[in-house]
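A quick write-up on the structure given underneath.
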Amino acid sequence: MRKPRDFDSELKALADKAKQLKERRVQQLGELVIATGADTTDAETLAGALLVIAETSEAQRKEAWRKRGAAFFQNKARKRGDGTEGQPDGALPLDGGAASA
């Protein structure tokens with residue numbers, strides 16, 4: 001006879017995993033802000049700049065920003081010489097490595 005599944009414990013495990021992933025993403029975003037030097041900018045200015053980025057629908061502008069960001073990470077990796085694809089402190093890309101639109 002099959003053992004019944006414990007849906008409550010599975011659901012709790014999934015919720016815990018989701019919480020860990022969210023905390024990791026928040027930590028990586030903070031590391032990114034620090035790595036770019038944007039931590040010296042006041043919160044209101046930084047929030048305003050991020051809102052402009054989020055509201056922009058111009059593909060050319062977004063692609064230019066993406067290329068500049070990729071160059072930033074490549075230069076950072078080159079300076080460290082460790083070949084970790086330039087992610088801050090070995091972090092994964094924030095979008096999971098998917099190409100930006």
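The values are calculated or read from the model by the stated rules, or taken from the named source; none is laboratory data. From a predicted model like this one, the values you see are computed outputs, not experimental measurements. FYI the Cβ positions are ideal-geometry reconstructions off the backbone, even for glycines, and counts take in every protein chain you see. Note: accessible area is taken over every heavy atom of the protein model, side chains too, but ligands, DNA and RNA are not part of it. Shrake-Rupley method; radii C 1.70, N 1.55, O 1.52, S 1.80 Å.
Overview of values
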{"read-out": "Unit charges on C-beta of K, R, D, E only; dipole of segment 8-65, Debye", "value": "220 debye"}
{"read-out": "Theoretical FRET efficiency, 1/(1+(r/R0)^6), r = Cβ-Cβ of Arg66 and Ala18, R0 30 Å, to 0.05", "value": "0.65"}
{"read-out": "Apportionment of accessible area to carbon and sulfur, segment 8-65, percent (1.4 Å)", "value": "60 percent"}
{"read-out": "Set of lysines near Lys22 by C-alpha distance (under 28 Å), chain-local residues within fewer than 8 positions excluded", "value": "Lys12, Lys62, Lys67, Lys76"}
{"read-out": "Stokes-Einstein D in µm²/s, Kirkwood radius over Cα pairs - segment 8-65 at 10 °C with 1.306 mPa s viscosity", "value": "114 µm²/s"}
{"read-out": "Estimated distance in nm for a label pair at Leu50 and Ile34, the labels positioned 7 Å out from Cα along Cα-to-Cβ", "value": "1.6 nm"}
